[in-house]
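Novice: Structure incoming, see below.
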Amino acid sequence: MCIRDSSMVAWNWVANAGTTASNGNGSISSTVQANTTAGFSIVQYTGTGSAATVGHGLSKKIDWMIIKELGNSNGWIVSHKGLTSQATYSVNLSNSNAEYSDAGTYYWNNAAPTNKVFSIATDSAVNRSSGTYVAYCWHSVPGFSRFSHYFGNGSVGANTFVYTGFKPSWILFRATDAEPWYIWDNARNPINMNQTVNNLLRTNNAGGDVNETGGGVLAMSNGFKIIGDSGWHGTNAQRYIYSAFAEHPWIGDGTSPVPAK
């Protein structure tokens with residue numbers, strides 16, 4: 001999932017080899033490229049400016065979705081299962097603002113995604129009349145991916161353990177208050193495998209690796225530990241959302257289940 005040279009890193013998800021299909025499950029027709037085994041789809045649709053639903057081509061409710069209008073400077077609007085409510089809250093991949101509680105009115109039409117569609121309201125960031133949009137959609141697949149949240153415990157010694165059911169190779173996470181997004185992975189630098197993480201990337205920062213202090217992220221065989229109590233990852237009672245993918249998937253991206261031994 002990660003490609004690395006001396007200065008670049010890329011993370012890639014397999015959809016459907018470029019093969020698309022028309023989807024009429026929503027009130028707006030969409031064009032979908034879906035990998036249902038991996039719980040991932042790419043959806044394109046044209047906005048109407050009126051509240052609507054859009055088919056996503058997956059068999060389960062979406063846990064994580066990112067929407068962007070093509071050719072427009074609007075940010076990347078994020079729906080995530082781990083937010084206070086997926087029907088009424090959002091965050092933006094392009095900034096570090098706190099979760100937005102009016103998203104139900106502006107973005108999601110006060111409706112969480114279902115196993116067939118996601119809902120959009122009338123804001124131009126998700127539904128401008130005649131605007132062209134792309135939505136990247138995921139749902140959790142046991143042994144391959146997990147999208148949820150955890151709460152920090154504010155303790156340096158009693159580390160927070162986050163269960164995923166697999167050893168993560170890639171984690172995107174952030175607090176739901178005004179904190180940046182962070183990307184942890186096991187490919188860019190061996191230090192990412194240690195308890196003190198110094199090489200994190202931010203989605204809302206055009207710079208390179210970011211050095212953070214006060215602890216780190218430690219990958220475990222069935223999840224990850226939050227080491228420390230800093231605001232970027234471990235403040236007591238603070239909600240943190242995360243999206244994680246497995247180092248060795250049991251099922252998902254073109255793989256078959258692997259029985260335990």
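The values are calculated or read from the model by the stated rules, or taken from the named source; none is laboratory data. Computed from a predicted model, the values in this text were never measured in an experiment. A quick note on method: Cβ atoms are made from the backbone with ideal geometry, for glycine too, and the neighbour counts reach across all protein chains shown. Side chains are part of the model used for accessible areas, which takes the heavy atoms of the whole protein and leaves out ligands, DNA and RNA. Shrake-Rupley method; radii C 1.70, N 1.55, O 1.52, S 1.80 Å.
Novice: Looking at the stretch 113-142 only, could you name the residues that are surrounded by fewer than 18 Cβ atoms within 10 Å (Cβ to Cβ) and small (Gly, Ala, Ser)?
Specialist: Correct list: 124, 129, 130.
Novice: Looking only at the stretch 88-111, count how many residues are surrounded by fewer than 17 Cβ atoms within 10 Å (Cβ to Cβ) and over 21 Å from residue 180 (Cα atoms).
Specialist: Total satisfying the criteria: 2.
Novice: Has the stretch 34-57 got any residue that is open to solvent by less than 10 Å² (accessible area, probe 1.4 Å), at pLDDT 95 or above and among the β-branched types (Val, Ile, Thr)?
Specialist: Looking through the stretch 34-57, at least one residue is open to solvent by less than 10 Å² (accessible area, probe 1.4 Å), at pLDDT 95 or above and among the β-branched types (Val, Ile, Thr).
Novice: A further question follows. Any chance you could count how many residues in the stretch 131-188 are part of a loop (DSSP other than H, G, I, E, B) and more than 26 Å from residue 120 (Cβ to Cβ)?
Specialist: Total meeting the criteria: 20.
Quick grid of which residues meet (1) in contact with a helix residue (DSSP H, G or I) (Cβ under 8 Å, 6 or more places away or on another chain); (2) modelled with pLDDT of 85 or more:
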residue	(1), (2)
181	no, yes
189	no, no
197	yes, no
202	no, no
211	no, no
224	no, yes
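Novice: Please determine, by comparing only the residues of the stretch 2-33 that are open to solvent by less than 50 Å² (accessible area, probe 1.4 Å) and more than 24 Å from residue 109 (Cα to Cα), which one is modelled with the highest pLDDT.
Specialist: 33
Novice: Looking at 32, 78, can you tell me which residue is out of contact with any Phe, Trp or Tyr (no Cβ under 8 Å at 6 or more places or on another chain) and closer than 21 Å to residue 243 by Cβ? Before you say what the answer is, go through the steps one by one.
Specialist: Numbers: 78 fails: out of contact with any Phe, Trp or Tyr (no Cβ under 8 Å at 6 or more places or on another chain).
One residue alone meets the criteria, 32.
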